[in-house]
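> Before I ask anything, let me first share the structure, which is written out below as C-alpha cells.
Since every read-out is calculated from the coordinates, none of them should be taken as a lab result. If you're wondering where the values come from, they're calculated on a predicted model, not measured in any experiment. No Cβ is skipped: glycine too gets one built from the backbone with ideal geometry, and neighbour counts run over all protein chains shown.
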Ligand SMILES: Cc1cc2nc3c(=O)[nH]c(=O)nc-3n(C[C@H](O)[C@H](O)[C@H](O)COP(=O)(O)OP(=O)(O)OC[C@H]3O[C@@H](n4cnc5c(N)ncnc54)[C@H](O)[C@@H]3O)c2cc1C
C-alpha cells in the first residue's frame, strides 16, 4: 500500500474509532490490571487500539504489535496528533522492557511477555536504583545466585516507581562479586507477586506514594528469565535506559499533550493583549522561545525516527533528548506558574482542580531532571560518548 493510501485509511479509521473522550489531555492506561480505567471512552479506545495492534504500532505483529514500517508509524503519529488522540497505552512495558526484549530477549521471552504488554495486561516496574547506587548505578549490590532452575535474589532497591501495583520487575543484580563492577551485573525478569518480595511505599509530603522501597529476601527469578548473557547485564540495562531517555514514546503519548490552553492564551488572560499579541513583550519573547524549542525538539525526534532504518532508538545521543525535554518541561511549568501568580500554588479547596493539578505538575517537573539519570549524568554521557571528550 502506498503511504498516501495508508494515510487516508488511517485517518478514516481514527475518525471512526477514536472516541471524543480519548482526544485531548486525560487518562492513559499504564497496563495495570489493578488500576481501573474510569473513563468509558478511554477504555473503549484502549480496546480498539489493542485489537488493531496499535498500542505498540511498530512492534512485529506476532508479538501483538501493528507491524508498521517506520514511515507508516510516523504517519500514524501525525494523524493521531491531527485529532489530538491520546496514546491508548503508555507503560514501562511499551517504552522500556518491550523494546529491550525485542533486541535482547529469546524467542520464548518475547512470546511470553510482549503480547501481554501490547494488550495492557501487565504492569512492569524498574529495579535499578539502590540506596547508595543511583548515579553510580554500576556499584549496585543486590545479589543473585543460581540455585537449580532459579536465581535467588537478596538485597534492596529504592525509588521503585509503581512497584506497589506492578506484576513484574526488570532488575539489575550482581552475579559476580569478584569481577570489575560493570562486568558482574545481570539483567533479569522477576514476578512481584511472591513471598520474597516486600514493597514499602515511600510517602511524599503531598501524601502520595508514587514510589517504593523494594526488598528481596530469597526472591526467585526463573533461570529462563535472565535477559542476555550472565554478567553482561550492564549492556542490556544501559540499552533499556536509552529507550527510556529517547522520549520516542512521547511522540505518540505526546499526541494529545498539547496543554488544555496554550501558554499564549494564559498570558493574554493574565497580562492582557494588544493587537492580538501578549501585552508584555518580555513574556511574549519567553513564550516564543519555549514554543520554538519545543517544536525543534519534536521535529528532531521525528527526524531521528524517520532516519533510522527500522525505527530503532539511537544510542548515547538519547541523553540529548532527555536533557532538552526535561529542561523544556521545567521551563513550561515555570512559565505557567509565573503567569498564574498567586493562583499558581494551589493546595486546598480554595483552589480549582486545574490549579491544584498545575501545582502538582510544577513539583513533579522538578523530578524530571533526576529520574532516569540526572541531567548532570546525561551531560557526562554526552561529553564522553557523543562528543568523545576525555574522561
Ligand atoms: C520521580 C522519580 C522516579 C524514579 N523512579 C525510579 C524507578 O522506577 N526505578 C529506579 O530504579 N529508580 C528510580 N528513580 C531513581 C533515579 O534513577 C535516581 O534518583 C537517580 O539516578 C539519581 O540517583 P540518586 O538519587 O541516588 O542521586 P545521587 O546519585 O546521590 O546524586 C546526587 C547528586 O549528585 C550528582 N552527581 C552524582 N554523580 C555525579 C557525577 N559523576 N557527575 C556529576 N554529578 C553527579 C547528581 O546529578 C545529583 O544531582 C526515580 C527517581 C525519581 C525522582
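> Which order results if 104, 371, 128 are arranged by neighbouring Cβ count within 10 Å, fewest first?
Values: 104 19, 371 16, 128 24.
Fewest to most other Cβ atoms nearby, the residues stand as 371, 104, 128.
> Let me ask something else about it. Residue 161 to residue 12: FRET efficiency via 1/(1 + (r/R0)^6), r the Cβ-Cβ distance, R0 51 Å, to the nearest 0.05? Walk me through the intermediate numbers first.
Details: r = 38 Å, r/R0 = 0.74.
Calculated transfer efficiency: 0.85.
> Pairs of alpha-carbon atoms within less than 8 angstrom and 6+ residues apart define the contacts here; what relative contact order does the range 1-107 have, in percent?
Values: 109 pairs, mean separation 34.0, N = 107.
Once normalised by length, the contact order is 32 percent.
> Still on this structure, please answer the following. Can you tell me the mean projection area, over all orientations, of the convex hull of the chain's alpha carbons? Units nm², please.
The Cα convex hull of the chain, projected and averaged over all directions, gives 21.5 nm².
> Right, something else. Based on the Cβ-Cβ distance of residue 135 and residue 308, what FRET efficiency does E = 1/(1 + (r/R0)^6) give at R0 = 25 Å, to the nearest 0.05? Mind dumping the intermediate values first?
On the way: r = 29 Å, r/R0 = 1.14.
For residue 135 and residue 308, the calculated efficiency is 0.30.
> If I take R0 = 25 Å and measure r between the Cβ atoms of residue 338 and residue 84 in this structure, what FRET efficiency does the formula 1/(1 + (r/R0)^6) give, to the nearest 0.05? Walk me through the numbers on the way to the answer.
Values: r = 26 Å, r/R0 = 1.04.
The computed FRET efficiency comes out at 0.45.
> Also: In a solvent-free Debye calculation with one equal scatterer on each Cα, what is log10 I(q)/I(0) for the range 1-141 at q = 0.13, 0.17 Å⁻¹, listed in the order of the q values?
-0.62, -0.95
> Okay, next question. In whole Å and largest first, what semi-axes does the C-alpha gyration tensor of the range 84-242 yield when each eigenvalue is scaled by 5 and square-rooted?
Taking √(5λ) for each Cα gyration eigenvalue gives 23, 20, 15 Å.
> Packing-wise, with mean Cβ within 10 Å as the measure, how do 75-81, 205-211 rank, highest first? Intermediate values should be presented prior to the final figure.
Working: 75-81: 20.7, 205-211: 11.9.
The densest-packed peptide leads the list: 75-81, 205-211.
> Also, quick follow-up: Using Cα pairs closer than 8 Å and at least 6 residues apart in sequence, work out the relative contact order for the chain, in percent.
Details: 675 pairs, mean separation 55.0, N = 391.
Reported as a whole number, the value is 14 percent.
> Modelled label-to-label distance, residue 203 and residue 291, 7 Å Cα→beta-carbon offset: nm?
Placing both labels 7 Å beyond Cα along the Cβ direction yields 4.5 nm.
> Return the calculated 222 nm mean residue ellipticity for the chain, to the nearest 500 deg cm²/dmol, obtained by summing -39500 (n - 2.57) across DSSP H runs with n ≥ 4 and dividing by the residue count.
Working: 12 runs with 161 residues, N = 391.
Roughly -13000 deg cm²/dmol at 222 nm, from the helical runs in the chain.
> Measuring from the lowest to the highest alpha carbon on each principal axis, how far does the range 259-386 reach, largest first, in angstroms?
Largest to smallest, the principal-axis extents are 48, 36, 25 Å.
> Go through 12-19, 35-42 and give me the packing order, highest mean Cβ count within 10 Å leading. Intermediate results must be reported in sequence, preceding the final value.
Numbers: 12-19: 14.8, 35-42: 13.0.
Ranked by mean Cβ neighbours within 10 Å, highest first: 12-19, 35-42.
> Provide the gained length on full extension for the span residue 1 to residue 109, in nm with one decimal, where the gain is 0.36 nm per separating residue minus the Cα-Cα distance. Display every interim value, and only then the final one.
Values: separation 108, 0.36 × 108 = 38.88 nm, distance 3.19 nm.
Residue separation times 0.36 nm, minus the Cα-Cα distance, leaves 35.7 nm.
> I need the peptides 46-58, 272-284 ranked by packing, meaning the mean over residues of other C-beta atoms within 10 angstrom, with the highest value on top.
Details: 46-58: 21.0, 272-284: 13.2.
By packing density, highest mean first, the sequence is 46-58, 272-284.
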